[in-house]
Amino acid sequence: MIGISACLGGVLCRYDGRDKAIPALKKLVAEGQAIMICPEVAGGLPIPREPAEIVGGDGFDVWHQRAKVLTVSGEDVTEVYKSGAIKAYQRLKEKQISTLILKANSPSCGSTSIYDGTFSGTLKEGTGVATAYFLQQKISVCSEEEWMDQRGELNGN
């Protein structure tokens, strides 16, 4: 059993009220081989919500109080993001999940890149708040992009 970002499984939970569904991941959920999590919703954020980005670093920096998560209007939602990560982790732990496929570039779920905190659409290297927490808890994380690349290689594509 694996865990996946709920938006990848077809749940309309992104900041813009949409999903980023991937049919193969939806199928894993339907077959009972994956569970879905959304750390932002678990933390109590509404759908839709203002876009947010990490300012001053990445998810690891958030946990070390060197960076914050701010909305486009400047609201500090750092504690909500941290709380959501912890709540999502508890669910993963209950289900004994050790591998996750999470949404690339997200301030929660990004695993290799996130937006740079300027709301300009510019990416930088880094991890999201939840991903940083999951990695600290020894859960393996990859993005949907990495997962699809690996899957293509395994299928000989």
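Values in this text are rule-based calculations from the coordinates and carry no lab data. Since we're looking at a predicted model, the values are computed, not measured. With ideal geometry, Cβ positions are generated from the backbone for all residues, glycine too; neighbour counts draw on all protein chains shown.
Structure above, values below:
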| read-out | value |
| --- | --- |
| GluC sites (Glu not before Pro) within region 1-61: DSSP coil, no more than 15 neighbouring Cβ in 10 Å | Glu31 |
| Of every Cα-Cα pair in region 69-157, the percent that sits beyond 23 Å | 29 percent |
| Contour excess over end-to-end distance, with Cα ends at Lys93 and Thr112 and 0.36 nm allotted per residue | 4.6 nm |
| Euclidean distance of C-alpha centroids, region 7-33 and region 87-103, integer Å | 15 Å |
| Flagged links, alpha-carbon separation over 25 Å, of Lys27/Lys82; Lys95/Lys138; Lys82/Lys124; Lys27/Lys103; Lys68/Lys138 | Lys27/Lys82 |
| Fraction of beta bridges assigned by DSSP in the chain that are antiparallel (%, nearest 5) | 40 percent |
| Length gained when the stretch Thr71-Glu31 is fully extended (0.36 nm per residue, less Cα-Cα span) | 10.8 nm |
| Geometric extent, Cα atoms of the chain - Rg, Dmax (angstrom) | 14.6, 47 |
| Translational diffusion of region 10-53, µm² s⁻¹ [Kirkwood Rh, Cα pairs; Stokes-Einstein; 37 °C; 0.692 mPa s] | 289 µm²/s |
